[in-house]
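Below is one structure, written out as structure tokens; comments come after it.
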Amino acid sequence: MAEALSCPICLELLRDPVTIPCGHSYCMLCLQNHWDQQVTYSCPECRRHYSQRPVLGKNIMLSTLVQQLQRTAHPVDRAEERRAELQSQRALLLQNLQLKETELETLQWEAQDISRSARRVVQHSRDMFTEMTLLLENRRSEVERQILSEEKTQLRRVQELQDQLQQEVTELKRSLSELEELYHKPDHNQAMLSCPLLTTDTQSSESRFQTRPKEDFEFVTRAVTVLRDKLQQTLSECNVPVSQEPLAEPRCRNDFLKYAREITLDPNTVFPHLLLSDGNRKVTHTSEAQKYPEHSERFSVWSQVLSREELTGRCYFEVEWSVRDMVRIALSYRDIHRKGYSDQCGLGTNHVSWALQRMKDKLSFLSGGVQSEVPGPVGSRIGVYLDQSKGLSFYSVEAEDMTLLHRVHTSFTQPLLVGVLIVWEKNTVYFPELR
């Protein structure tokens, strides 16, 4: 009788017995602790899976039978059972305490590592921009020297022309004065005939003026413009925002395909029960664990995998999925945790990942552990569009038609990896090539 009324988890008499839909009964506290440590909810005995966590209610009949059994038992036996129960509860509490203290210590180390990494990056950026500033200052000084040197050269040529023209003006005035004197003499006709013909060298004057440079300092303007364009290109490649007109938002599938990125999955991150195929474009959940080599970036508990490619700026990719139970398509920062079963490792259950979840024929969006329903068609192909400065959008794709499912308005501060979570056998996800 005592064995029939024992909890399959703690192996003691049922305490506050509860019965779940499959018919098996457990201590309420034992079952709650068991489910608190799981990603999905299933019966510990028959492994029947529940899409939502069942509501637990006390089984009055079993509770009455346990009380009757305890009253008929020997007082010494009941005392021993009580002591054993207290010891079991104490051991469970100590285990949970140790686990939480370990997690707390890990988070403290991670916080310190984040601070050290941030300081290193800030110092590196400061050094790089200081060096860039010095280079630009040196280039500016060189350009100024060239301009001043060219200015002196051109001013010297202009002064030479001015002196030459002034001399010619003086000679012309002197010749004009001599002509006037001859004109007023009585025998000016004979004098005019004997005077040599005076001419002005207008052609040579025009040619001298034509020797002045027509472009003046346009070559300097062009050089500075080229330097500015190169600097803007460098800043763009380094993801530093520059002042320019915003790009138009995509409106149709052809517009999205301009930003298409090919996605392949990283074997170093894949959970052992996920099988990669088709050039690492396809992932399938299997009952048999794959023999992947040990790697620090591999997920140890969560059935997930990340992409090789990092996404920045504007990117678009598509996903085909075959879902029997639950699948998530996500974008994540690289520093998502890989070891353990905490929410810091799950796609969509923390603040470094954003996920679209399909549960059979229902869609929802997850981020920061918050889940919200997503209305719309549940198709076999999903389009994902990233604008790193504006947000993230998910679309249902049917041929050339696209239907917006969900949009996230935010700015991402780091490059993003594509992630997949699959929690049931034979579910598949495929990243097709986009032409």
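The values are calculated or read from the model by the stated rules, or taken from the named source; none is laboratory data. What you are looking at is a predicted structure, and each value in this text was computed from that prediction instead of being measured. All Cβ positions, even for glycine, are placed from backbone atoms using ideal geometry, and neighbour counts span all protein chains on display. We work out accessible area using only protein heavy atoms, side chains counted, and drop any ligands, DNA or RNA first. Shrake-Rupley method; radii C 1.70, N 1.55, O 1.52, S 1.80 Å.
Before moving on, here are some points about what is shown:
- Couplings 3J(HN,Hα) of the range 348-356, computed from phi: x, 9, 8, 9, 10, 8, 9, 9, 9 Hz, in residue order, whole Hz [Karplus 6.51 cos²θ - 1.76 cosθ + 1.60, θ = phi - 60°; x for Gly and Pro].
- In the context of the full protein assembly, residue 433 retains an accessible surface of approximately 90 Å², using a probe radius of 1.4 Å and ignoring ligands and nucleic acids.
- The figure for residue 152 is an accessible area of roughly 140 square angstrom, using a 1.4 Å probe on the protein chains alone.
- Note that the range 36-46 has calculated 3J(HN,Hα) couplings of 5, 9, 10, 7, 10, 10, 8, 6, x, 8, 8 Hz, one per residue in order, obtained from phi through the Karplus relation 6.51 cos²θ - 1.76 cosθ + 1.60 (θ = phi - 60°); glycine and proline are x.
- Ranking by accessible area, most exposed first, for 326, 359, 128 with a 1.4 Å probe: 128, 359, 326
- The chymotrypsin sites (Phe, Trp or Tyr not before Pro) found in the range 392-435 that occupy coil by DSSP, while having at most 16 further C-beta atoms within 10 Å, are 424.
- Rounded is the label for the range 292-435, because a/c, from the alpha-carbon gyration tensor with a ≥ b ≥ c as root eigenvalues, stays below 1.5.
- Heavy-atom accessible area order for 251, 381, largest first, 1.4 Å probe: 251, 381
- Kirkwood Rh in Å, taken over the range 251-356 so that all alpha-carbon pairs contribute: 14.9
- Radius of gyration and maximum dimension Dmax of the range 1-120, Cα, Å: 19.5, 70
- Ranking 153, 72, 349 from most to least accessible surface, computed with a 1.4 Å probe over the protein chains only, gives 72, 153, 349.
- Accessible-area value, residue 55, 1.4 Å probe, nucleic acids and ligands omitted, Å²: 140
- Protection proxy ranking, peptides 255-268, 91-104, average beta carbon neighbours within 10 Å, highest first: 255-268, 91-104
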